[in-house]
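Let me begin by presenting the structure, written as structure tokens, before commenting on it.
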Amino acid sequence: MHTLRGLAHRGRTIVTTIHQPRSNIFTLFDRLLLLSKGRVMYFGPATDAVAYFSGLNYRCPSNFNPADFFIDLISVDNRSEKKSKTSNARIDLLEDAFLKHEENLKSTLDDKLSETYEDEPIEKQRKYASSWTQELYYVMKRQFKQVLRAKEINVAAVSTNTVSSAYGQVAPGNFQVAES
């Protein structure tokens, strides 16, 4: 985890799925995405998640692993019909709360951005971090390395072409469709 965190701080994007991490591993997370039944329950700084759920009256007990708390909170309890209905209702409430939270964040951010850039001219910005020529160069470089590494395939292709050419089956510029 320390290696992944180091890569992330050097500009790499790291996406990982970890089921029930220990509390010391959980503290290494920068951002946290919690999903339940494919729906977003929380997305934001990992350090703010406990406070976010506390604000919704779901308090993580002291000396309790937040990851375990979140899993218990956003999981469906199928041990009985009543518990299943209760947990599904809680998940619906948490989804609605996050959608409202997200809308508030967007409107606040939009207000701040409009105040900040109100009088400044909008300059042409690059849509992508690198140009298409740089991307093409690296894709071709990677492909060339893969071709060089596939020695067995290259030997088979050369052998097939040599044998076919020797028997007159395939010759450059001599492609004909055989009639049956």
Exercise. What are the residues in segment 13-23 that are on the phi < 0 side of the Ramachandran plot and open to solvent by 40 Å² or more (accessible area, probe 1.4 Å), if any?
Worked result: Thr13, Ile14, Val15, Thr16, Thr17, Ile18, His19, Arg22, Ser23
Problem set entry | Every residue from segment 27-36 that is open to solvent by 90 Å² or more (accessible area, probe 1.4 Å) and assigned to a loop (DSSP other than H, G, I, E, B) | Thr27
Exercise. Arg39 fails exactly one of the following numbered conditions: (1) surrounded by 14 or more Cβ atoms within 10 Å (Cβ to Cβ); (2) of a type outside the set (A, V, I, L, M, F, W, C); (3) within 18 Å of Leu4 (Cα to Cα). What is the number of that condition?
Worked result: (3)
For this session: Quickly run through segment 135-174 and pick out the residues that are assigned to a loop (DSSP other than H, G, I, E, B), of a type outside the set (S, T, N, Q) and at pLDDT below 80.
Result: Tyr167, Gly168, Val170, Ala171, Pro172, Gly173
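So that you can scan it fast, the table gives a plain yes or no per residue for (1) in contact with a Cys (Cβ under 9 Å, 6 or more places away or on another chain); (2) loosely packed, with under 14 Cβ neighbours inside 10 Å; (3) in a loop (DSSP other than H, G, I, E, B):
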{"position": "Ala8", "(1), (2), (3)": "no, no, no"}
{"position": "Gly11", "(1), (2), (3)": "no, yes, yes"}
{"position": "Ile25", "(1), (2), (3)": "no, no, no"}
{"position": "Phe53", "(1), (2), (3)": "yes, no, no"}
{"position": "Pro61", "(1), (2), (3)": "no, yes, yes"}
{"position": "Asp72", "(1), (2), (3)": "no, yes, no"}
{"position": "Val76", "(1), (2), (3)": "no, no, yes"}
{"position": "Lys83", "(1), (2), (3)": "no, yes, no"}
{"position": "Ser87", "(1), (2), (3)": "no, no, no"}
Problem set entry | Test set (1) at pLDDT below 90; (2) open to solvent by 80 Å² or more (accessible area, probe 1.4 Å); (3) under 27 Å from the mean Cα position of the chain (by Cα); (4) more than 17 Å from His19 (Cα to Cα) - Leu93 fails condition number | (1)
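The values are calculated or read from the model by the stated rules, or taken from the named source; none is laboratory data. Given the structure is predicted, the values throughout are model-derived calculations rather than measurements. Positions of Cβ are generated from backbone atoms using ideal geometry, with glycine treated the same way; all protein chains shown enter the neighbour counts. Calculation scope for accessible area: heavy atoms of the full protein, side chains included, ligands and nucleic acids excluded. Shrake-Rupley method; radii C 1.70, N 1.55, O 1.52, S 1.80 Å.
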